[in-house]
Amino acid sequence: MEYHGRGLFHGQEVSIRLRPQPPNTGIQFQRVDLPGSPTIPAGVAYVKDHKRRILLAREGAAVEGIEHIMAAVSGLGIDNVLVEITGKEMPAGDGSSLVFVQLIREAGVVEHKEAPRQIFTLYRTITLENDGARITAVPYDKGLELSYHMDFGDRSVLRQSYTLPLNEETFSQQISSARTFSLSSGVGEFIKLGLGKGVTEENCFLINEDGTASTPINKKRASLRFADEGVRHKLLDMVGDLYLTGMELRARVTGTRSGHLLNVLLAKKIVELAEAESSLSRIADAKV
Ligand SMILES: [Zn+2]
């Protein structure tokens, strides 16, 4: 199961291949183009940058733009997979998770009944804020429920909200095909940074000040997959970023104007809480 394509930021052509892995291996990326084919685990400890995309690095080997495949593996309930890649940036695909969902379905999913999933049920509220953005996670034992409020200040025409109880079906039908976007006012800065070399008319869209959507290159009216494709994509990113915890999470998470930075900080907090909880239970076990 191989896929070729260009990365959104740097535009380099790469191939990826998914390889099923035994239980407890987790999600890993492997730079097969580098000497020694180093692997980089998909964990918060390896996040080295989170501006507009996630970059993971370990011992000099890096991989970036991994958030949409992370969303796909999380949404489809995959715990173990090795993603081989021949370059630094994941292919953009169509700007959503769709190509990764298809790759996973083609590769087939092996169920390891003897190895239960690692599940973490949040036991206290976490709130994180940064520059007018906020993310809150509250205890909820029935699964992972995500909400997002997209809000750009006084421009009420750009406000969108969405709530998603996450499971394979809701993920596939409601958010997996939502494409990446940018505010048209923020595009100049992006291009100045020399980024966006893999942008096509189809793999992302711009949201204008008046609430309409345009194609990124010719600035024609964009045909959206959902009227609220933007907020759905924010949820897709949230699903991918929270899976950097390496665990299935049970909580209610609400983001307001938040993005990769707060998602990653929340994932870090959750890993800290999970580690504290397991060391407490080890102490309790030791006392018995
Ligand atoms: Zn995204």
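The values are calculated or read from the model by the stated rules, or taken from the named source; none is laboratory data. All figures in this text were calculated on a predicted structure; none of them were measured in a lab. Methodologically, a virtual Cβ is constructed for each residue, glycine included, from the backbone with ideal geometry; neighbour enumeration extends over all protein chains shown. Accessible surface areas use protein heavy atoms only, side chains included; no ligands, DNA or RNA. Shrake-Rupley method; radii C 1.70, N 1.55, O 1.52, S 1.80 Å.
A few points about this structure:
- Counting only strands (runs of 3 or more DSSP E) wholly contained in region 174-288, the ones carrying 1 or more residues that are of a type in the set (Val, Ile, Thr) and more than 16 Å from the ligand (Cβ to nearest atom) occupy 248-256.
- Number of residues in region 1-29 that are of a type in the set (S, T, N, Q) and more than 27 Å from Gly194 (Cβ to Cβ): the value is 4.
- Tally of residues being within 16 Å of the ligand (Cβ to nearest atom) and at negative phi across region 60-108: 23
- Meets criteria (under 29 Å from Gly60 (Cβ atoms), at pLDDT 95 or above and open to solvent by 30 Å² or more (accessible area, probe 1.4 Å)) for Thr86: yes
- Test: residue in region 140-152 that is surrounded by 13 or more Cβ atoms within 10 Å (Cβ to Cβ), under 22 Å from the mean Cα position of the chain (by Cα) and under 22 Å from Val99 (Cα atoms): no
- A single member of Arg19, Arg105 is surrounded by fewer than 17 Cβ atoms within 10 Å (Cβ to Cβ) and not in a helix (DSSP H, G or I), and it is Arg19.
- Any hit, region 230-251, residues being among the polar types (S, T, N, Q) and surrounded by 18 or more Cβ atoms within 10 Å (Cβ to Cβ): yes
- Near pairs, Cβ below 7 angstrom, 6+ apart or cross-chain, from region 167-183 (modelled with pLDDT of 95 or more) to any residue that is open to solvent by 20 Å² or more (accessible area, probe 1.4 Å) and in a helix (DSSP H, G or I): Gln174/Arg232; Ile175/Arg232; Ser176/Leu98; Ser177/Leu98; Ala178/Arg232
- Among residues that are under 29 Å from Phe190 (Cα atoms), open to solvent by 30 Å² or more (accessible area, probe 1.4 Å) and within 14 Å of the chain's Cα centre (by Cα), His50 is included.
- Looking only at region 23-47, and only at residues there that are part of a helix (DSSP H, G or I) and surrounded by 17 or more Cβ atoms within 10 Å (Cβ to Cβ), the one that is farthest from the chain's Cα centre (by Cα): Tyr46
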